[in-house]
Amino acid sequence: MIQSFDNVWDAIEETPQEAENMKIRSKLMMVLTAHIEKNKMTQAQAAKFFGVTQPRISDLMRGKISVFSIDMLVNMLASAELHITHIEIGGKVMA
């Protein structure tokens, strides 16, 4: 039997909790990376803008998700005065 998943993280993480954490981190990393690319920032400029070191920006741009926590990514957003404006949560309705 072939098993299917809604998301790659659901397929590769061991627990639903780990999968949800990775989904959030990957989305935040994509938003930060897109902001850097959209504004044509160098890694040094982005580091100053987000309040981190240049090697951290390098890790971000290379997608090294394992070195970033949700807290770190949210702090980077806040340092740049970027804001989360919408969070959508779906799931099973419990009766």
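Only the coordinates and a few stated rules stand behind these numbers; no lab work does. Note that this is a predicted model, so its numbers are computed, not measured. Here the Cβ positions follow ideal geometry from the backbone for every residue, glycine too, while neighbour counts run over all protein chains shown.
Let me check I've understood the local charge: for Ser58, count other residues with C-beta under 15 angstrom from its C-beta, Lys and Arg +1, Asp and Glu -1. What total comes out?
Counting the neighbours of Ser58, the net charge comes to +2.
Could you point to the label whose value was computed as P(r) over Cα pairs in 5 Å bins from 0, in percent for the structure here, given [x] 2, 12, 21, 22, 15, 11, 8, 4, 2, 1, 0; [y] 3, 14, 24, 26, 19, 9, 4, 1, 0; [z] 2, 14, 19, 17, 13, 10, 7, 6, 4, 3, 2, 1, 0, 0?
Computed from the coordinates, P(r) over Cα pairs in 5 Å bins from 0, in percent corresponds to [x].
The stretch 23-95: which GluC sites (Glu not before Pro) are DSSP loop and have at most 12 other beta-carbon atoms within 10 angstrom?
Answer in residue order: Glu81, Glu88.
Would you list Leu82, Leu60, Leu32 from fewest to most Cβ contacts within 10 Å?
Ascending Cβ contact count within 10 Å gives the list Leu82, Leu32, Leu60.
Quick one: Karplus J couplings for the stretch 55-66, per residue in order, coefficients 6.51, -1.76, 1.60, θ = phi - 60°, nearest Hz, x for Gly and Pro?
Those phi angles translate into x, 5, 5, 4, 4, 4, 5, 8, x, 6, 4, 5 Hz.
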